[in-house]
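Asks: My structure is below; once you've seen it, I'll send some questions.
Read the figures in this text as sums done on the coordinates, not as results from a lab. Quick caveat: nothing in here was measured; it's all calculated off a predicted structure. Cβ placement follows ideal geometry from the backbone for every residue including glycine, while neighbour counts extend to all protein chains displayed.
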Amino acid sequence: MTLDDLMFKPGLLDGQRILITGGGTGLGKVMAEACLMLGAEVYILGRRGGVLEETAAELMKAHGGKVGAVPCDIRAPEAIAEALDAIWADGGALTGLVNNAAGNFISRTEDLSPRGFDAIANIVFRGSFLMTLDCGKRWIAEGRKASVVSILTTWVWNGSPFVVPSAMSKAGLNAMTQSLAVEWGGKGVRLNAIAPGPFPTEGMSARLNPDRKGEAYSDMSANPLGRVGRMPELANLAVYLLSPGAEYVNGQTIAIDGGAYQATGGNFSALRAWGDEEWERARAAIRGTNDKDRAQRTV
Ligand code: HXC
Ligand code: NAP
């Protein structure tokens, strides 16, 4: 990405210190890159220490500045506290938090076990809340202004078949955004959210379109723009919401999906046509990705 891909002047985020959960990969990495290019100090957090180190090195080599790699599992409140202590000690308070880390996979809901539900809800619903809570307590105690941006999906408005734990968890974060915007706005902490449509990433494609030819993302003809999202488009929206110039924007969830939600509901209803064979194949492919990623975790 170059500055020409972004719609902001250089230095827009000078003096900002922004933590992006799941910032080692995918959309988180793109948002980290944009924040860095515009002058922020950036921290990226995830469970695979090697992936974080590689991303931090790559971004600093390309753009200079400072990217801190923070290995942490957001399912554990003690690990969150330790990570935030280290960040605060490293250069002071954060000014922004992007709740981007998530887990997801397509599955018929009747095939889920309680552990399968927890695997997603504990990251998305519980982990994002715990991270917001710990940051919020620090900001309020210190009387600091801050901006929280959570990455949701358009399913927060209409649900989605075949990704029910994710749809439920993201809807919960939408309620968190609206609720805390009111509760914490007067204390200087504002919360907004982004509901992206499809932006192809390794992590998403491997778990939501596992055979790479499923109906979910290969056919974009139903999207009014006929295409998937471009990474700088997402980065521009995130930067806008994080920047001090957007201070009066509070409690909003903004879709960025080419209008797909209005046109189609933007969910996985096409997968109703799948039978046992397709679901078994998807599950095996997703398991392969999960096993490979788990082997790289350092926390
Ligand atoms: C049914 C499944 C399953 C599948 C796993 N499980 N995959 N059940 N169908 N395809 C079940 C397992 O059988 C197990 O239950 C339980 O889930 C936990 O599995 P683990 O592999 O032990 O989980 P864990 O190592 O904790 O990994 C968590 C994860 C994994 C969520 C399953 O995918 C992960 O870490 N993902 C992080 C990255 C990610 O998902 N990125 C995609 C984000 S994209 P049992 O009972 O059998 O033990 C996204 C896009 C949204 O969110 C919007 C797009 C428009
Ligand atoms: P991704 O690359 O798989 O990103 C998920 C990130 O979350 C990974 O870096 C992962 O790193 C991290 N993570 C998962 N569990 C964690 C945990 N317990 N603790 C800390 N970090 C954890 O997928 P993506 O497509 O970029 O998705 C990013 C966000 O966008 C998600 O919230 C997703 O729901 C949302 N979204 C994506 C799309 C899309 O089309 N791509 C559309 C709508 C919404 P580790 O595995 O190393 O921990």
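Asks: Over the chain, what is the relative contact order in percent, taking alpha-carbon pairs closer than 8 angstrom and at least six residues apart?
Replies: Result for the chain is 20 percent.
Asks: Size of the range 127-214 along its principal axes in angstrom, Cα-based, largest extent first?
Replies: Computed over the Cα atoms, the extents are 51, 24, 18 Å.
Asks: Can you order the peptides 73-83, 233-243 by their average number of other Cβ atoms within 10 Å per residue, highest first?
Replies: Ranking, from highest mean packing down: 233-243, 73-83.
Asks: Semi-axes of the equivalent ellipsoid for the range 75-177, please: Cα gyration tensor eigenvalues, times 5, square-rooted, ordered largest first, whole Å.
Replies: 29, 15, 9
Asks: Mind sorting Asp291, Asp85 by how few other Cβ atoms lie within 10 Å of their own Cβ, fewest first? Don't jump to the answer; show the numbers that get you there.
Replies: Working: Asp291 9, Asp85 12.
Fewest to most other Cβ atoms nearby, the residues stand as Asp291, Asp85.
Asks: Per residue of the range 133-145, in order, report the coupling 6.51 cos²θ - 1.76 cosθ + 1.60 (Karplus, θ = phi - 60°) as ³J(HN,Hα) in whole Hz, putting x for Gly and Pro.
Replies: Those phi angles translate into 5, 5, 4, x, 4, 5, 4, 5, 4, 9, x, 9, 7 Hz.
Asks: Given an 8 Å cut-off on Cα distances and at least 6 residues of separation, report the relative contact order of the range 162-299 as a percent.
Replies: Computed over the range 162-299, the figure is 33 percent.
Asks: Just want the ordering: Thr95, Thr2, Thr264, from fewest to most Cβ atoms lying within 10 Å of their own Cβ.
Replies: Listing Thr95, Thr2, Thr264 from fewest to most nearby Cβ atoms yields Thr2, Thr264, Thr95.
Asks: In addition: Do the sum for the chain: with -39,500 (n - 2.57) for every DSSP H run of n ≥ 4, divided by all residues, what is the mean residue ellipticity at 222 nm, to the nearest 500 deg cm²/dmol?
Replies: -14500 deg cm²/dmol, from helical runs alone.
Asks: With Cβ to Cβ distances under 10 Å as the rule, what net charge do the other residues near Arg126 carry (K, R +1; D, E -1)? Intermediate values should be presented prior to the final figure.
Replies: Working: positive: Arg75; negative: Asp118.
Local net charge: 0.
Asks: Amide H neighbours of Ala255 under 5 Å, at least 5 residues apart or on other chains, H built in the peptide plane: list them.
Replies: Placed amide hydrogens put Ala195 under 5 Å from Ala255.
Asks: At q = 0.06 Å⁻¹, what log₁₀ I(q)/I(0) does a Debye calculation on the Cα points of the chain give, no solvent, two decimals?
Replies: Log10 I(q)/I(0), no solvent term: -0.18.
Asks: Please arrange Ile254, Ile18 by how many other C-beta atoms lie within 10 Å of their C-beta, fewest to most.
Replies: The most exposed by this proxy come first: Ile254, Ile18.
Asks: Let me ask another. Cross-chain or 8 or more residues apart, Cα under 14 Å: how many lysine pairs in the chain fit that? Count them up, please.
Replies: Eligible lysine pairs with Cα atoms under 14 Å apart amount to 4.
Asks: At a threshold of 8 angstrom on Cα-Cα distance, excluding pairs fewer than six apart, so keeping six or more, what relative contact order does the range 86-162 reach in percent?
Replies: The value is 49 percent.
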